[in-house]
Amino acid sequence: MIDTARIRQEFPILSRQVHGKSLVYLDNAATTQKPRQVIAALTRYYSQYNANIHRGIHALAEEATAAYEAVRVQAAQFLGAASEREIVFTRNATESINLFAYTWGRAHLTAGDQILLTEMEHHANLVPWQLVAKATGATLAFIPLTADGQLELKALDQLLSARTKVVALTHMSNVLGTVNPVAEIARKAHAQGAVVLIDAAQSAPHLPINVQQLGGDVLVLSAHKMLGPTGVGVLWARQALLESMEPFLGGGEMISDVQLTSSTWNEVPWKFEAGTPNISGVIAFGEALAYLQRLGMPEVAAHEQQLTRYAIAQLQQLGHLTIYGPTQPGVARGSAVSFNLDGLHPHDVGTVLDAEGVAVRAGHHCAKPLMRRLGVPATVRASFYLYNTPAEVDRLIAALKIVRAFFNRPSRIHA
Ligand code: PLP
């Protein structure tokens, strides 16, 4: 069981006031708040052992290198990777996807090949593939959605063929909360010889992740969505796959030798980490991973499932709204809950909620094709994390009642 009262004391920001009200932070799918341990790791690095890594022979450089590389081992363990050599540090999930789409995509895709995505992808898992499709002549295809925001798996069997060279999909939708059956999809994709990329930006913060069980070939995440700092992402890929890929960015660190007109590459994963990385960020990400591991990802998931069920029930009770994504009790879903109040624009709802101290996201959530599929320009999204409580769900519901009262004022209706 997650002890939210104790946990909340470790997140300084959660005790601040917004517009004179105590903050209710429900925008965790965008980014999560940071515990003291993560903030302290940043300060400790800059105040005690700030140095560039891999290059120096002095004590500070050795300490910084050891701390940075230790997080690679930690990340490999967190994900169940076969080796830390399979962990590439990037800036974020977006860069991880771009890295793979660019290097692997341009080397392997040709005209007539198919890139299979889904209709619920974040722009980060759409646009890089559009770019590589344009460059190679490969075509894009999409697994459609059911009415309740799940993948239409029947269509998958029709879409998959020997032409399908890569299947890239989100593990958990940042809008709908849907948890996709990636292991089953990966099995089917592999049977056709396709490579599978799993976008775990939304799942890795919330669910136990084991890359072997998920069965993909590549998995990406962003540290800032799982208690870590901004500016750090992970690309996990099977070592043989990484070794087969050309570098993404060229520069210092990623080379073995450099001549004036040619170079040879460093071993993986350093071949993909050109230039000075986000050293402090990676080290602080290690504290975030340790924090999550201390709590236990199954406990984190159980807490959020309970809270999400409660939130959905309370929203349904409020009525006169549409919830997008699965709401049936037996269906696996994450803690992002998107909805619209009848007759009200999500931005108006978000603005009044903010005035009540409740931080949610209102917009297209970087998933414009999904918004079109849902037939709405935008939604309100409340997304929960390990420090959120049922009392905060109650604050959300109370604030939504204030939204309704505000916009139903006779003066506005008759204006
Ligand atoms: N994929 C999904 C499903 C996301 O929700 C996000 C961010 O919201 C991303 C990718 C991109 O993450 P980042 O902006 O940290 O690269």
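Here are some notes:
- Selection from region 144-162 of residues that are surrounded by 14 or more Cβ atoms within 10 Å (Cβ to Cβ) and under 16 Å from residue 192 (Cα atoms): 153, 155, 156, 159, 160
- Within region 96-116, residues that are of a type in the set (Val, Ile, Thr) and within 16 Å of the ligand (Cβ to nearest atom) sit with their Cβ atoms under 6 Å from residues that are assigned to a helix (DSSP H, G or I) and open to solvent by less than 20 Å² (accessible area, probe 1.4 Å), at 6+ positions apart or across chains, in these pairs: 97/124; 97/125; 97/128.
- The one condition from (1) open to solvent by 10 Å² or more (accessible area, probe 1.4 Å); (2) farther than 22 Å from residue 31 by Cβ; (3) within 16 Å of the ligand (Cβ to nearest atom); (4) not aliphatic (A, V, I, L, M) that residue 202 does not meet is (2).
- For region 302-355, filtering for residues that are surrounded by fewer than 20 Cβ atoms within 10 Å (Cβ to Cβ), touching a His at 6+ places or on another chain (Cβ under 8 Å) and over 20 Å from residue 374 (Cβ atoms) leaves 2.
- Within region 182-199, the set of residues being within 16 Å of the ligand (Cβ to nearest atom) and part of a strand (DSSP E or B) comprises 196, 197, 198, 199.
- Residue selected from region 132-143 under the condition in contact (Cβ under 8 Å) with a residue 12 or more places away in the chain and loosely packed, with under 15 Cβ neighbours inside 10 Å, by the criterion farthest from residue 365 (Cα to Cα): 137
- Test: residue in region 283-290 that is open to solvent by less than 60 Å² (accessible area, probe 1.4 Å), in a strand (DSSP E or B) and touching a helix residue (DSSP H, G or I) at 6+ places or on another chain (Cβ under 9 Å): no
- Odd one out for residue 88, checked against (1) under 18 Å from residue 241 (Cβ atoms); (2) part of a helix (DSSP H, G or I): (2)
- When we screen 110, 65 for residues that are modelled with pLDDT of 95 or more, open to solvent by 10 Å² or more (accessible area, probe 1.4 Å) and closer than 27 Å to residue 282 by Cα, the only hit is 65.
- Condition check for residue 395: surrounded by fewer than 22 Cβ atoms within 10 Å (Cβ to Cβ) and modelled with pLDDT of 95 or more: yes
- The lone exception for residue 239 - which of (1) open to solvent by less than 30 Å² (accessible area, probe 1.4 Å); (2) closer than 30 Å to residue 266 by Cα it fails: (1)
- Test: residue in region 210-224 that is open to solvent by less than 20 Å² (accessible area, probe 1.4 Å), away from the ligand (no atom under 16 Å from the Cβ) and β-branched (Val, Ile, Thr): yes
- Scanning region 285-316 for residues that are among the hydrophobic types (A, V, I, L, M, F, W, C), under 21 Å from the mean Cα position of the chain (by Cα) and more than 16 Å from residue 76 (Cα to Cα) yields 295, 300, 301, 302, 307.
Table: residues versus (1) closer than 21 Å to residue 24 by Cβ; (2) out of contact with any Asp or Glu (no Cβ under 8 Å at 6 or more places or on another chain).
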{"position": "321", "(1), (2)": "yes, no"}
{"position": "327", "(1), (2)": "no, no"}
{"position": "342", "(1), (2)": "no, yes"}
{"position": "352", "(1), (2)": "yes, yes"}
{"position": "365", "(1), (2)": "yes, yes"}
{"position": "372", "(1), (2)": "no, yes"}
{"position": "392", "(1), (2)": "yes, yes"}
{"position": "396", "(1), (2)": "yes, yes"}
{"position": "407", "(1), (2)": "yes, no"}
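- Scanning region 245-262 for residues that are free of Cβ contacts under 8 Å to residues at least 24 places away in the same chain and either closer than 16 Å to residue 96 by Cα or surrounded by 15 or more Cβ atoms within 10 Å (Cβ to Cβ) (or both) turns up 254, 255.
- Unique residue being closer than 15 Å to residue 223 by Cβ, crowded, with 16+ Cβ neighbours inside 10 Å and of a type in the set (Ser, Thr, Tyr) when the list is 25, 102, 49, 45: 45
The values are calculated or read from the model by the stated rules, or taken from the named source; none is laboratory data. Quick caveat, the model's predicted, so the values are computed rather than measured. Positions of Cβ are generated from backbone atoms using ideal geometry, with glycine treated the same way; all protein chains shown enter the neighbour counts. Remember, those area values only see protein heavy atoms, side chains included, never the ligands or the DNA or RNA. Shrake-Rupley method; radii C 1.70, N 1.55, O 1.52, S 1.80 Å.
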